[in-house]
Amino acid sequence: QERLVESGGGLVQAGGSLRLSCAASGRSFSTYAIGWFRQAPGKGREFVAAMNWDGGRTYYADAVKGRFTISKDNTGNTGYLQMNSLQPGDTAVYYCAATTTGPAIVAGPYEYWGQGTQVTVSS
């Protein structure tokens, strides 16, 4: 069964860093585009970052541009979201997702989703 599993979330002070991982299993996701979304309490799911299958194209929400970096490992089956200069406004559950249709900044095209990992940034 194909699945994505996020890890790396936790509690960090403002200004700190975290690296989220998204491990794929059940099939090869090396040719899939991946995206990261987040959902804060009481809010809808919002786009954070996306990349095409080989990292040649990346996209970021304005709120995280310059602070977050999306990437994949050499196998293409593990994705990462490096988050630097974290702020309390970054507190949310973070989800990774994968799609064959190319990177998207909306949730609809993504076929596979992880269960989410909590990121909490204290002030």
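The values are calculated or read from the model by the stated rules, or taken from the named source; none is laboratory data. This is a predicted model, so every value here is computed, not measured. Virtual Cβ from ideal backbone geometry, glycine too; neighbours counted across all protein chains shown. Heads up: the accessible areas ignore ligands, DNA and RNA and are worked out on the full protein's heavy atoms, side chains in. Shrake-Rupley method; radii C 1.70, N 1.55, O 1.52, S 1.80 Å.
Would you mind getting the accessible area per residue of the stretch 1-43, heavy atoms of the protein chains only, 1.4 Å probe, in Å²?
Per residue, the stretch 1-43 has 53 Å² of solvent-accessible surface.
Using heavy-atom solvent-accessible surface (probe 1.4 Å) with all chains present, what is the largest-first order of Trp36, Trp53?
Trp53, Trp36
Got a number for carbon plus sulfur as a percent of the stretch 1-58's accessible area, 1.4 Å probe?
That fraction is 44 percent.
On alpha-carbon atoms, Rg over Rh for the chain using Kirkwood Rh?
Values: Rg = 13.2 Å, Rh = 14.1 Å.
Answer for the chain: 0.94.
What nm distance separates the two modelled labels at Ser7 and Ala63, each placed 7 Å from Cα along Cα→Cβ?
So the label points at Ser7 and Ala63 sit 2.7 nm apart.
State the Cα centre-to-centre distance between the stretch 53-73 and the stretch 90-106 in whole Å.
The stretch 53-73 and the stretch 90-106 have Cα centres spaced 11 Å from each other.
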